Each structure stands twice: as structure tokens, then as C-alpha cells.
1. So for THR291, THR503, fewest C-beta neighbours within 10 Å to most, what's the order?
2. Which whole-percent values make up P(r) of region 275-428 when all C-alpha to C-alpha distances are grouped in 10 Å steps starting at zero?
3. May I have the extent of the alpha carbons of region 460-571 along their three principal axes, as whole Å values ordered from largest to smallest?
4. In deg cm²/dmol and to the nearest 500, what is the mean residue ellipticity at 222 nm of the chain if only DSSP H runs of at least 4 residues count, each as -39500 (n - 2.57), divided by the residue total?
5. Report, by chain and number, residues whose modeled amide H sits under 5 Å from the one on VAL157, excluding near sequence neighbours (fewer than 5 apart, same chain).
6. Out of the trypsin sites (Lys or Arg not before Pro) in region 473-509, which ones are loop residues according to DSSP with at most 13 other C-beta atoms within 10 Å?
7. When we measure straight from the Cα of LYS611, which aspartates and glutamates land under 13 angstrom away, once same-chain ones fewer than 8 places off are left out?
8. How high is the relative contact order of region 579-641, in percent, with contacts defined as C-alpha pairs under 8 Å that are six or more residues apart?
Amino acid sequence: MILMECDSDSLKVKVGFEIHQQLDTKSKLFCNCSCNDANGNYDYNFIRILRPTKSELGNFDKAALFEYAKMNTIKYYSRIGLSCLVEADEEPPHDVNKDALNTVLLFSLALNSSIVDEIHVMRKLVIDGSNVSGFQRTMLVSSGGYLKVDNFNRIGVQSICLEEDAAKLLPPSDSYKEYGLDRLGIPLVEIALEPVTGTHKEIVNVALTLGRLLRSSKRVSRGLGSIRQDVNISVDDGQVVEVKGVQQLSQLVKVLEYETKRQFGMIKIAEEFKKRNIEDDFIGDKTLDITYLFKNSSSNIIKKILKSSNSIFLSVRLRGLNNLIGYEPIAGIRLGKELGEFVRFFGLGGIFHSDELPNYGITIKDVEKIRELLCISTDDAFLIIGGDEKKINNVLGPLIQRICQFKLGVVAETRSATMDGSTIFSRPRPGSSRMYPETDILPIPVDSQFLYNLKQDVPLSWNDLINHIMQKYSINKKLSEHIFDSQYYDIFEKIVSTSKNITPTFIASKLTEDIVSLSRDNLDKSLLTDNMIIEIFDMLDKGSIAKESVSLIFKQIMKKESKSVKDALNSLNFTEINDEELNTILDKILNDNIKIIEEKGINSIGALMGKSMNILRGKVDGYKINEYLKQKLEIIIDNEFSPKDDF
Ligand SMILES: [Zn+2]
């Protein structure tokens, strides 16, 4: 049932950004390991079991306990050179990487943020296993300041920190949670902005402006995964939901849209709870093991779950919630979906609920029997959870608590962004007792003379930067913005600096418009490496391929049909032709067409050009062929057909 369409684009939301951007440094923050991606090529691994430690305040952090309840043993993968004893927490951290610190100081200056006199390394409790030690090291470099954004005057900066990146979560295996240590310890800048209220478009512009500022320093890493934003979203002054791991602007647009819809949906659902006067003790007041009912079930889902000998089915009574678990106040937003995500987080497959039954092979007879056993009235609902008994026992308490929380509307929690732009539950919001001092590293004083000198390196503002690019390369504003925002800006600069015959406009448009349009056809631009692009433009510059061939070679590689530029040239029949071969081919064409040359003289060039292009299209630049033909033709005409002095 859809009661309300949600035009989320025009709704204003309150959003606070916390941006995490990897810095482009030679080595990690606390050791000399390199910051490269192992690309899955790991050469050793070890196992750890993490336990929560008390913070200075003596309380266990709520989020930490929640992770611990999941009882995961963790397996870490690594590769020599990309991680050492520091990442494995077997050796104290080394001194802070100076390059990384300088970069963050530079960002603090660019954002007019007040830099601290002395930098203290702190430990931030993290117990999901993404740090072997159980904490992430972070240091506050500055606080306050502002970012100038069109449409908003100034967006306040809360804090700017330098911190170490966490290990990379690997695809789940059966028995362990697995992480790659190659990413652990890579320096990150964390910039937290004051929350702003605006339309989705305005909010996205804030993220774009901050991203551009960081990139203009040329001290940050590029590419997918190198920037991750945590986005705190709230609607109607409600609870704040933290969405972690937004990696791209296009994803941010979708996350804002989905989360706005979801939060308004939760408010509608809470109104329904209120109308019905649902008390906390209505929820899960009766639970029953109904495994025996399903022993002979013909349902495939049930049979699959019962294959494992530890599996049970538990039914849970929800008094007064009839038709509320399946209630869909906004398209795609349902309590049932939220609960399914919640139990999946605990390693279970999902839930069945009374609003959707009979279904999935659960018969009307099964449903009637469960209603009878749980004493379900017409106002009530029930859930069925199936799976490993231990996991079900772990999830039951939190699940009941969770359903009770829906009475309050939006629940403050941490969710993760999916690549398709929706968000899924990941854990309760962490409490505040998360930081304590790192005792292995001395405080680092910030020298004021050094800061004064560093001011010269503060990156240009966006407008100044675009003007600079426009003037330097004589390209228009739109193309300047596109090439700078693309991942190809560095290699654009490199190609322009080495090529003699190609214009910056041509290079920039190939690297932006052409690659974008090929990507829209679902071709994979990650297959086209920087080295390949450089090779292609180098050949074009030397005239050994034609301008029209550039996109065709891109396409061939992005289509996965060729693994190298040479392969692509062969498959497209664009085999590279050297000057000697070119001369031979053109000489033959001229010889074969000597009659036309006799008749038309220099005007035969058009016809000859046509014949040459038939053979050489894509292999040699048309301009070059034309030049060669003209020279050769002039020589022939001078020698053979010019009036002779015989008479
Ligand atoms: Zn290391």
C-alpha cells in the first residue's frame, strides 16, 4: 500500500559531512610500508580474537559491545612491503609521517582553521576488527574555520584531523571476518563540517567543493575508494543517522534520496505505533520454538535452513502490530525490510512476518497453527526467524529492542552506503567514550615559522584554479572543469607537456567526453590504464595513428577485447606504420595513378588522398598523409610533366 509519494529532491535535509581522504604519500602514517593496494595478492595471514577494552571513563562503548556480541574471529591478510609488525600491533608506531602532517596543516590553512600548538596522537576505540590493535590512531590538527561554497556563504569547519586508514574488509568467507592489511595505516585527512540544511543539490555542491579543494593540492590519492564520506543525515530535526562509506558524488545523490525517503517513512510508521498505543511489553512477550512444525515442510527456504543440524525456527509475538510490519508508507520503505536487514547483520538470512504469510512455501495451515500456539489475536502480528540457534539467541534481545525503538521514529544509528545508493543498518551509533591518549608517541609541537612558510603552498580557490587552467592550456571553462574533476587531470598535464602536435583541447576532450560516453555504454574505464593512454597519445603525436583512432582504441580496450594498445591496433587492423612503409605505400599509389596525375596535375590530390585513406585509415594521421602526398606530387609534376626546354 503506497500512501504517499515522496518528492525527496525538493525536501530540505540537514546534513553534516565527515570526509576521509587518503593522502598521496610514499609511506604509511606510522611506518615505512608503502601505501599501494595489494589487489588481493596477499602472501601471509594471521588470526585474532578481539575483546572490548574499557575506555578511561570505565564504560564499555555501546557500539563496541554490539560488535563484540557478533563474536567474530578475524583473519588478517597481508603482503610483505605493504604491512609490517606495526600494522600487526606487535611493534610500537614509528614517528608520524611528516609529509602527511604537512599536507593536513596545508588543508587547515586553506580552510582558515585554527591550528593547535601541539599535536597529540589519540586512540579511538574501534572493535569491528578493522584495526588489529582495536583502536585507530588519530590526531586533531585544527578546529574551526570555514569552506566557501556557492549558494551558502560559509560552511563551518568543526575539526581537521590526521588519522590512519583502517584495514579493508574483504568479501565474507564462511568462518571468519576477513581484512586486508594493505590499507591499514595509510594517512587520511578527516574533515568534519558543521551540519547544513539545504536541498539535495545544494548539499552535493558542498561535497563537490570540498573534494575539489583537496584535489587541487595534488597531495591526495585519486580513484575509487581513496575518498570516503560519512554523511550525517536528519530530516525534520529528528535523530541523526550516520551513513558511512559514500565514495562518489553520484552515490551521494542516491543516498540522500533514499535516506530522506526512509526517514520520512520511519516517521509515518512511528505515527501508526502511537495511534495504536503500542507498549514496549507488547513486543516479543511470547516466543516459541516451532522447529518441529517445519520438519516436513515443502518450502525450499525452510528446507535449506534445516539442512544444518544447529538450525531452529523461533516465532515471536508482536501484540497490536497486525499489518504494520508490511505497511509501506513510502514506496520501498517497510518495517519488514528494516528488520530483515537487522537480522542479516547478525549473520541470519532474514525474517518471515505475518503480514506476508502464507507465502514462501509456508502454508495457511502452518500460519493457523502458529497463531494458535502464540495466542495471536486479529490485532497481533508475529515474526519467524530461522537459522543457527546461537545466532538467533544473540539477535533476539537486540531485535525486540529495535522494534520498540521504531515507536520513536528515526533511530540514531550507523548505516552503510551500498554501491547502488541505498543504505543498510550497520550498528547503533557509537557513544562518546571512544578516545584515549596514545602513550607510544610524544606530542608534536607545531612551529609557527614553519607554518608561515607553508602558507605559500596553500591550494588555489576553485575559481582561480579554473582560470589558471583555462589560460595555461587555452581551453574553455567547461572543459577545464571537466578535465580537473576527472581522474585524468594528472595524465592530461603529462601528455600536454610532452606532445608537440596535439592540442590540449583535443586531449582533454578525449579524456573526458569520449571516456564518459564509452562508460555510459557500460564499458569499463578501469581497464584503460594511464600507461596505455600515454602510449596512445604518444603514437598520435608521432603521426603513427590517426586522430579518429584514439576513441576506437579506447573502446577496444574498455570492451575487454584487447589487453594492450598493440593488441587493439592489431585487432582494429591499425598496425603501426613507420615512415619507410608509408613512403612505399604512397609511392605505389602514385605510380598506379600516374594517368590521373597527368590529366589533373596538382588537382589530383583529392582523388589520391581518397585512395590513400582507403588503405591507411586509422593507421596514419590524415594530415600527415596529405602532407606527404603533396610533397611527392610536387616532385613528380616538377620532374615529369613540367614543360621541357626541348624545342
Ligand atoms: Zn608497516
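1. THR503, THR291
2. 10, 41, 37, 12, 0
3. For region 460-571, the Cα spread along each principal axis is 44, 31, 19 Å.
4. -11000 deg cm²/dmol
5. Close amide H contacts, sequence-distant or interchain: GLY145, TYR146, LEU147, GLU194.
6. The qualifying sites are LYS500.
7. Straight-distance partners of LYS611: ASP587, ASP592.
8. Working: 25 pairs, mean separation 24.1, N = 63.
So the answer I get is 38 percent.
Throughout, read-outs are computed from the coordinates displayed, never taken from laboratory work. Predicted model, so just to flag it, every value in this text is computed and none were measured. Note: ideal-geometry Cβ built from the backbone for every residue, glycine included; neighbour counts use all protein chains shown.
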